Amino acid sequence: MKSIRQYGLLATLLIMLCACGTRHAEPQIEGHYTYQHAFSYDMDGCHFDVSETGTMDFYADSTALDSARQVYVVTLPDSSTTTWVFNYISPSRWHLDDDTLFFAGTKDGFRMELMEGDRATELAQKVIDTYGGGIDYQYKFHLDTLTAERLQWSFTYRDGHSDIWEFYRE
């Protein structure tokens, strides 16, 4: 009798161990992602329509690297337009607390270089200075989706409008 109980107990333990071993781990944010994003804003009497295509790398040490090609179509006060292409590189830091992703760039290593367009314009330099001056601001993004394939976060601005970023894991 004793050996039957021992075998029964052993079988139960094996079943429990196998069941625990087949649990699916929650997806982790760490990884390499691609993204496309567009936004617009007004500054100094001009309207900026911006589209960006980039990569985002999240590392286990709570650092990240955001690299993008940003295309700015700028409508000037006289209704003429100009186009700028920037190379945007932002080392960053992050941490996740439940469904809130805290994310901020770091000034050290930040670059935003005008690659195409009128290099002499003061306005292009003002865009670079504005980004660089506030790059270390910590945003609180809402983590909408985190799967093995996709990361999506959103942000609601002070004026009430929201924006969504979708990242696809490679």
Sparse-neighbour loop sites [chymotrypsin sites (Phe, Trp or Tyr not before Pro); region 82-170; at most 14 other C-beta within 10 Å; DSSP]: TYR137, TYR157
Using a basic spin-label model with each label point 7 Å from the Cα along Cα→Cβ, how many nm lie between GLU26 and TYR59? 2.4
What's the carbon and sulfur percent of region 13-170's accessible surface, probe 1.4 angstrom, rounded to a whole number? 53
If DNA, RNA and ligands are ignored and the probe is 1.4 Å, what is the ranking of GLU30, GLU149 by accessible area, most exposed first? GLU149, GLU30
Can you compute the label reach from ASP44? Point 7 Å from Cα along the Cβ direction, backbone N cut-off under 20 Å, restricted to region 96-119. 111-119
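The values are calculated or read from the model by the stated rules, or taken from the named source; none is laboratory data. Remember, it's a predicted structure, so these values are computed and weren't measured experimentally. Every residue, glycine as well, gets a Cβ built from its backbone with ideal geometry; the counts of neighbours run over all protein chains shown. When the accessible area is computed, the model is the full protein with side chains, heavy atoms only, and any ligands, DNA or RNA have been set aside. Shrake-Rupley method; radii C 1.70, N 1.55, O 1.52, S 1.80 Å.
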